[in-house]
Every structure is written in C-alpha cells, then in structure tokens.
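To start, the structure under review is shown below, and the notes come after it.
Where a number appears in this text, it was derived from the coordinates with a stated rule and is not lab data. Bear in mind the structure is a predicted one, so any value in this text is a computation, not a measurement. Heads up, the Cβs are rebuilt from the backbone with ideal geometry, glycines too, and the neighbour counts pull from every protein chain shown.
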Amino acid sequence: MKILSTLTCLFGFMLSAQAADIDVVGLFPGKAVLVINGNSPKTYAVGSTIADGTKLIAADNNSATIEAHGKRQVLAMGQYIHRSAPSSNSSVTLQADTRGHFMTKGQINGGSSVDMLVDTGASVIAIPASDARRLGINYKNGRMGRANTANGPVTVYIVKLDSVKIGDVELNQVEAMIQEEGLPFTLLGMSFLNRMEMNRNGEQMTLTKRF
C-alpha cells in the first residue's frame, strides 16, 4: 500500500499530558507511520503504544485516531494541530499550506468535520449551503440577504450557530452566513476570529480564546 508523503499528509498535534509531538507521515488501513518528537519515522499498528499513556486506536487511508490518557483525537487529511498545555485560555496552532493559507478541520453545532479556511476579510463565518444541509442547519429560517462576491451577488441567510470548535477551542453563539452558491468551503471569518488572539510565527498561526 502506498504511504502518503510528508508534503501531502503532514499533520499532528501536541499531547498536553506528555508534551509529545506526533506527526503522521504515512497512512494505510490498520497502520500509521508516525514521527515522535522529531525522531525517525516508525510504523505503528492499531493498538500499539506510541508514548506513555498514548495509543494508536484506529487508522485508514485518510486518518489516524490517537488516544492520550482517555482522550481521543482524529487526525484528518491535510490538518496540522498543535495542542498547547492546559491553561485558562484554550488555544490551537494551525500550519500554513504550500500556498500560505491556513486550512483546518472544525466542527459546527457538534456535527461532522468541516473544512475551514481562516479568512480575516470575511466579516462572519461563511458556510456553503451544501455543508449547512449536511450539518442539519435549517438556514432558510434565518434572515435572507444578498452578498457581493467575485462571481457577482448571491443569496445568503444569516444564522446563529450554537457552537464552532477547532481543536480545543470552542465558541458558542457565533454569527454565520449561509451562501447558496459559489463557495467551495467554509470561511472562518471575524465573527469567530474577533474572539481570538491571533499570533503568527512563520508558517504557524496560534489562535487563543479571549472570551
């Protein structure tokens, strides 16, 4: 089976209990190739212990599930999450892609994962109607309006999301705009980012929850 290259499949997270950096550099059913704390890549089978209190629970061609001290994290394709040690303010660190964009996986209203692009030019979170329907958002009960896009004006609906979560950062009651057409993925706009401290260091951006 083909092992995905580090350029197309690099993502990871910080396990706060042991401060272990875990990068997933290869995936196939039942196994994952992991880099632990910058050491040489090593193949782990499902059920293997990765570090103290940390195990590989599941793996397939698209993701790996790692359990650390009873808490599970699913690492999805293209995602890089650095989870800081516990503190009064939750934070998440995102890794830029080859184009310099910050893409991540998030959850809306506790549903399945959604691809999100950090966009400081968007006043609110903007969600494609296809994603909204998949997540069970009854957006047509929202306030209807029009928005100007690069492809011209489109119909939108303004709604309030119960929750938006990225890594350990979760916000409640976040305003969003559902766009009927022309939007390939969700834009993580300022209705979320205004409640964050945003710090960029090279190819990484750390978002820390303010309130």
Can you list residues from other chains, or at least 5 along the same chain, whose modelled amide H is less than 5 Å from the amide H of residue 167?
none
Quick one: 103, 196, fewest Cβ neighbours within 10 Å first, how do they rank?
103, 196
For residue 122, the residues 5 or more places away or on another chain with a placed amide H closer than 5 Å to its own amide H are 190
Note on segment 91-209: contact order normalised by length, alpha-carbon pairs under 8 Å, 6 or more apart, percent, works out to 35 percent
Computed on Cα atoms, Rg of segment 130-175 relative to 2.2 N^0.38 Å comes out at 1.35
Pull up all non-local amide H partners of residue 27: gap of 5 or more, or a different chain, and H-to-H distance under 5 Å with H placed in the peptide plane.
4, 33
Provide the per-residue ³J(HN,Hα) series for segment 168-173, in order, calculated from phi with Karplus coefficients 6.51, -1.76, 1.60 and θ = phi - 60°, each as a whole number of Hz, with x at glycine and proline positions.
8, 8, 9, 10, 10, 6
Under the Debye formula (equal points on every Cα, no solvent term), log10 I(q)/I(0) of segment 91-209 at q = 0.15, 0.17, 0.18, 0.20 Å⁻¹:
-0.63, -0.81, -0.90, -1.10
Longer than 27 Å from Cα to Cα, which of 42/71; 55/105; 71/140; 105/160; 31/105; 71/165 are they? Say none if no pair is.
71/140
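Residue 198 to residue 181: extension gain in nm, 0.36 nm per residue of separation minus the Cα-Cα distance?
3.2 nm
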